[in-house]
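Just below is one structure, and these are the notes that go with it.
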């Protein structure tokens, strides 16, 4: 049996200071543990690579999307999710592309919401479809929504998304609140010279609308040039915000990589996701499944297990479970985003992996 404790020898941020106490291929019943003793309880499942936006940091302007037969069916998505839940996964995030542009996505989400043992069904969206989907998502058992929002300026929003309409997204945010969602979180990718002059305004908007907000360091995925010029660290952004807000560190954990601060007198949390400046790999509890059934144990590496082959081979759930368990053997100790800014090792775009 794995010992799930990692032994620090210096500081938690120093990934090299962690080493496994035990390395074994034996998994306790109902759990999923990697070779470094980290227990996997969180899966990000992409149900489409398609999106109605073309965000500059996520995909190229002219994208070639997967043909239908190369994408997991909704039934296959449900089967994969069910096996993961049987392995002790308690949090499932539905992603894309934009997951709500997938035909009959609600059919899948309703069935995922009914899975015994799945405590936290959440979704990441660009917000464009929430005006009509927020209420049925809430009824289906979705606990929380993350909404990408990098600017509050309509013209700038169009520049970043290439084709997006800010008004639709703001209506979607309002619809989520009206439907009953609480702790809705905005995700803001930090880009120097693009939207860094709006960070204060975005926090004020979050506070006024009882939203959480997380600022995300840009990740080196896909061949997008100039990232080193737009990169901003979480520490710099937090320092800027502290000129306008009192930020109190919080020990709250949403089950993902964000580290949170509180603003006194507000219900909003300000989070930072810092894959470059504060590596969180030592406590990584998640894996990603792409729309074509690739299981990526690490966002920042190219190693993957092809679950589609298992799904379409006629194999039973025991074989699918074993393929998932075996994938833990290729989950690395960590990524190396800091040295990949201009020459990323991961050339797939974020939309291909699942946002």
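When the Cα atoms of segment 17-138 are aligned to their principal axes, the ranges along those axes come out at 46, 33, 28 Å in descending order.
In what order do 49, 197 fall by count of nearby beta-carbon atoms within 10 Å, going from fewest to most? Present the calculation step by step, with values, prior to reporting the outcome.
Numbers: 49 25, 197 13.
So the ranking, lowest neighbour count to highest, is 197, 49.
Based on the alpha-carbon gyration tensor of segment 124-247 and its eigenvalue square roots a ≥ b ≥ c, which shape applies: rounded if a/c is under 1.5, prolate if not and a/b is larger than b/c, or oblate? Let's see the in-between values first.
Details: a/c = 1.94, a/b = 1.45, b/c = 1.34.
Prolate, because a/c is 1.5 or more and a/b exceeds b/c.
With both partners inside segment 15-353, how many of the DSSP beta bridges are antiparallel, as a percent to the nearest 5?
Working: 11 of 41 bridges.
Expressed as a percentage, antiparallel bridges in segment 15-353 total about 25.
When 192, 68 are arranged by Cβ crowding within 10 Å, least crowded first, meaning fewest neighbours, the order is 68, 192. From the alpha carbon centroid of segment 52-102 to that of segment 136-177 is 18 Å. Once you order the gyration tensor axes a ≥ b ≥ c over the Cα atoms, which shape class does segment 31-90 get: rounded for a/c under 1.5, otherwise prolate or oblate by comparing a/b with b/c? Here segment 31-90 falls in the oblate category.
Classify segment 227-335 from the C-alpha gyration tensor, please: rounded if a/c falls under 1.5, else prolate or oblate depending on whether a/b exceeds b/c. It is prolate, given that a/c is not under 1.5 and a/b is the larger ratio.
Sorted from largest to smallest, which semi-axis lengths in Å does the alpha carbon gyration tensor of segment 15-353 give for its equivalent ellipsoid, taking the root of 5 times each eigenvalue?
Numbers: eigenvalues 179, 109, 84 Å².
Largest first, segment 15-353 gives 30, 23, 20 Å.
Within 10 Å of each residue's Cβ, count the other Cβ atoms and sort 294, 242 from fewest upward. Intermediate values should be presented prior to the final figure.
Values: 294 19, 242 11.
Ascending number of Cβ neighbours within 10 Å: 242, 294.
No value in this document is a laboratory result; all are computed from the given coordinates. All of these numbers come straight from a predicted model, not from anything done at the bench. Virtual Cβ from ideal backbone geometry, glycine too; neighbours counted across all protein chains shown.
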